[in-house]
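Following: one structure in structure tokens, then a few remarks.
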Amino acid sequence: MAARGVAAPIYFRRFLFKSWKNFLFMGLVPLLGAATLAWVFVKSAFDYWNPANSYSPAWFRIGGFHGVGAAFVIGIGMLVVGIPLMFWWRAARPDFFRQRSEVAETLDPGAAKGAIVSEEQLLAEEAAPSMPAVRSGPSGRSGGPGSSG
């Protein structure tokens, strides 16, 4: 659900308090995003429980019970199926779950100082020494064979 927003501050925990930008973009913003996604998940679960909020007919209509919305059944059903599959995979392949959790040891020096690196600079660093860096033309598109500029 919102696991990545919680994982980012844990992964970058050694860098969170080095600058206010790190704290904001590696810690606070991902956590706020995770909280927002969790809230949307819970709110939509309550909303889609009611079959009147769904275009599909109600499922599990029994006696006086009006049923459950199809979107709720599908969404929660995937969680109900997925969690046992995760435990099964843990029993089948325990080595995957025994991996040590990673922590960011270093950051790009420019990124740690808040420097903005252009795509052109990144491509130049990744390019082999024999290959020239790709430069943007006046239209903003990368230059290539047959392009002007």
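The values are calculated or read from the model by the stated rules, or taken from the named source; none is laboratory data. Keep in mind that what you see is a predicted model, and the values were worked out from it rather than measured. Here the Cβ is made from the backbone with ideal geometry for all residues, glycine too, and neighbour counts use every protein chain on show.
Observations on the model:
- Some residue of segment 3-13 being exposed (fewer than 10 other Cβ atoms within 10 Å of the Cβ) and of a type in the set (Val, Ile, Thr): no
- Taking segment 14-24 as the range and being surrounded by fewer than 15 Cβ atoms within 10 Å (Cβ to Cβ) and over 16 Å from GLU102 (Cα atoms) as the test, the residues that pass are PHE17, LYS18, SER19, TRP20, LYS21, LEU24.
- Selection count, segment 47-78, where residues are at pLDDT below 90 and part of a helix (DSSP H, G or I): 14
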